[in-house]
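Reading through the structure tokens given below for one structure.
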Amino acid sequence: MKNIQIYTLDKCPYCFNAKRLLTSKGINFKEIRLNSLEDDLLRELSEKSGVTTVPQIYVDGKFVGGCDD
């Protein structure tokens, strides 16, 4: 089974849509909620993925995209 993580912000409509899509496909995932766009973890993720927005979805530690990807 693949390890899927999604990094989100509360009240983010794109994060909500991404979680809803994963759930509708029966995909289990772990949600990691960030405190803000200034969160240190988001800065680290941005350096890794090259993306500065959320949601950020990772499969087995590999960045695969966001809401539209």
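Within straight cross-link reach of Lys19, meaning Cα distance under 18 Å, which lysines are found once same-chain residues fewer than 8 apart are removed?
Counting by Cα, and skipping residues close in sequence, Lys19 has these lysines nearby: Lys2, Lys11, Lys30, Lys62.
For a quick protection proxy, order the peptides 10-22, 48-60, 28-40 by their average other-Cβ count within 10 Å, most packed first.
48-60, 10-22, 28-40
Restricting to bridges with both residues inside the chain, how much of the DSSP beta-bridge set is antiparallel, in percent to the nearest 5?
Rounded to the nearest five, the antiparallel share is 60 percent.
Could you list which residues have their amide H under 5 Å from that of Gly65, counting only those 5 or more apart in sequence or on another chain, with H placed in the peptide plane?
So Gly65 has HN proximity to Ile57.
Return the FRET efficiency for the residue pair Ser24, Glu44: r is the Cβ-Cβ distance, R0 is 35 Å, and the value is rounded to the nearest 0.05.
The value I calculate is 0.75.
In deg cm²/dmol, rounded to 500, what helix-only [θ] at 222 nm does the chain give when every DSSP H run of at least 4 residues adds -39500 (n - 2.57) and the total is split over its residues?
Rounded to the nearest 500, the figure is -9500 deg cm²/dmol.
Where Rh denotes the Kirkwood radius from the mean inverse Cα pair distance, what is Rg over Rh for the chain?
Value, to two decimals: 0.93.
Per residue of the range 48-60, in order, report the coupling 6.51 cos²θ - 1.76 cosθ + 1.60 (Karplus, θ = phi - 60°) as ³J(HN,Hα) in whole Hz, putting x for Gly and Pro.
Each residue's phi maps through the Karplus curve to give 6, 9, x, 10, 10, 10, 10, x, 10, 10, 10, 10, 6 Hz.
Each reported figure results from applying straightforward, stated rules to the coordinates on display, with no laboratory input. Just so you know, these numbers come straight off a predicted model, no measurement behind them. Methodologically, a virtual Cβ is constructed for each residue, glycine included, from the backbone with ideal geometry; neighbour enumeration extends over all protein chains shown.
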